[in-house]
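One structure below.
Just so it is clear, none of the values below were taken in a lab; they were calculated from the coordinates. Computed from a predicted structure; not experimentally measured. A quick note on method: Cβ atoms are made from the backbone with ideal geometry, for glycine too, and the neighbour counts reach across all protein chains shown.
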Amino acid sequence: MGNASEPPPRQWSASIRWENDTFGGSDRFYTDGVSVSVAHTGPSWLDKVVDKLPWQVERRTIGYDLGQIMVTPSDTKLPVPDPADRPYAGLLWAGLSIHSEHDNTYNGVKVITGVVGPWSLAKETQREVHRLIGSGLPQGWDYQLHNEPILNLVYEHRQRYMLAGGSESFGVQAIPMANAMLGNVLTQAQIGGQLRVGWRIPNDSGMTLMRGMVHLPPPRHDPSVSPWKDWGFYVYGGVGGNLIARNITLDGNTWKDSPSVDKEWFVPAAEAGIAVSSGKFIASFSYVFWGKEFKGQEDYFEFGALTFTWLF
């Protein structure tokens with residue numbers, strides 16, 4: 001028998017998330033985002049810092065992310081982009097996340113650093129992908145935002161409620177959430193919620209977007225159950241609103257003159273999706289509807305998101 005005072009062993013997970021507007025049949029605005037993450041539960045080098053956070057902790061997860069985002073105007077065939085259209089911009093970042101869970105409560109903080117501008121390699125990435133698939137090459141990347149270091153903080157709170165059923169059978173769950181961001185990339189507040197309906201809904205905090213924590217902790221698994229027998233699935237939907245003070249991809253560079261547009265201060269959003277899980281993995285697909293982000297934008301836009309998480 002092990003010592004009861006010993007901390008539980010670490011649980012590791014690896015996750016990849018891909019968001020792309022190709023699922024919506026377009027190639028404009030927020031056109032692509034990809035992020036990979038490795039995370040672990042249990043003791044870490046951040047314990048002395050995390051212990052000072054004002055949250056009750058039942059399970060703690062530390063995550064390390066890398067990601068790239070690219071946004072473009074609606075017409076990428078113009079060598080000189082329309083100044084009234086969304087500017088070209090790319091971001092390349094690394095993130096460090098602290099996730100805290102207690103009962104049905106989730107709190108997370110994240111720090112993101114990296115670069116916006118040509119050093120993000122968004123131009124090269126998009127042009128190479130278009131070349132490989134035989135699509136027309138975007139022409140206006142020479143007018144993208146200038147190089148600028150980025151630093152952003154994210155805080156998110158979620159609460160999970162079981163409305164009907166149970167964790168080992170059919171269930172209905174509601175997950176209200178609130179999110180705040182501060183930095184030269186995004187300064188905004190967000191509020192929303194998700195509804196999940198399914199069989200053996202995993203013991204986690206739901207889904208998130210690239211404009212958020214990106215990766216949430218993997219489901220908690222009962223060690224007495226074989227990870228290959230703990231199958232479940234669910235469908236989900238969510239709505240939210242974003243109150244935005246700054247978005248560098250719309251407002252332009254912080255310290256240099258650059259292309260920019262007048263942003264909308266409030267942006268609504270909605271999503272629907274499906275997920276399948278076991279004690280070893282979770283896979284999901286979301287379809288997202290995103291409201292108008294700048295003055296003169298003709299319509300909302302849509303994109304799809306695939307997420308795969310493996311536990312080991």
message = Whole-Hz ³J(HN,Hα) for each residue in segment 201-216, computed from phi via Karplus 6.51 cos²θ - 1.76 cosθ + 1.60 with θ = phi - 60°, x for glycine and proline: what do you get?
response = 4, x, 7, 9, 10, x, 9, 9, 10, 4, 8, x, 6, 6, 10, 9
Computed lengthening from Tyr64 to Arg220, 0.36 nm per intervening residue step minus Cα-Cα distance = 54.3 nm
request  = Please turn the phi angles of segment 265-279 into ³J(HN,Hα) values with the Karplus equation 6.51 cos²θ - 1.76 cosθ + 1.60 (θ = phi - 60°), one per residue in order, whole Hz, x for glycine and proline.
outcome  = 7, 10, 10, x, 8, 8, 8, 9, x, 9, 9, 10, 8, 9, x
inquiry  = Please list, in order along segment 244-249, the HN-Hα scalar couplings obtained from phi with the Karplus expression 6.51 cos²θ - 1.76 cosθ + 1.60 (θ = phi - 60°), rounded to whole Hz, x for Gly and Pro.
reply    = 10, 9, 8, 9, 4, 6
query = Of the cross-linked pairs Lys123/Lys263; Lys110/Lys292; Lys48/Lys123; Lys110/Lys256; Lys52/Lys256, which ones have a Cα-Cα span greater than 29 Å in the structure shown?
reply = Lys48/Lys123; Lys52/Lys256
message = List the residues, sorted by chain then number, that are 5 or more residues from Arg211 or on another chain and whose placed amide H is less than 5 Å from its amide H.
response = none
ask   = If you place +1 on the Cβ of every Lys and Arg, -1 on the Cβ of every Asp and Glu, and leave all else neutral, what size is the dipole of the chain about its Cα centre, to the nearest 20 Debye?
value = 580
query = Quick one: Kirkwood hydrodynamic radius for segment 70-170, alpha-carbon pairs, angstrom, one decimal?
reply = 16.8
request  = Springs between alpha-carbon atoms under 10 Å, Gaussian network over the chain: tell me which of Pro176, Pro79, Pro202 tops the mean-square fluctuations.
outcome  = Pro79
message = Sorting check: for 155-166, 235-246, which peptide has the highest mean count of neighbouring beta carbons within 10 Å, and how do the rest follow?
response = 235-246, 155-166
ask   = Once you list every other residue whose beta carbon is under 15 Å from the beta carbon of Asn147, what net charge do they have if Lys and Arg are +1 and Asp and Glu are -1?
value = -2
ask   = Near the amide H of Leu121, under 5 Å away, which other amide H atoms are found, from residues 5 or more places off or on another chain, if H is placed in the peptide plane?
value = none
request  = Using only the alpha carbons of the chain, determine the length spanned along each of the three principal axes and report them from longest to shortest in whole angstroms.
outcome  = 69, 40, 36
query = Out of Phe301, Pro202, Val129, whose Cα points farthest toward the positive end of the dipole of segment 12-311 (charges: +1 Lys, Arg; -1 Asp, Glu; placed on Cβ)?
reply = Pro202
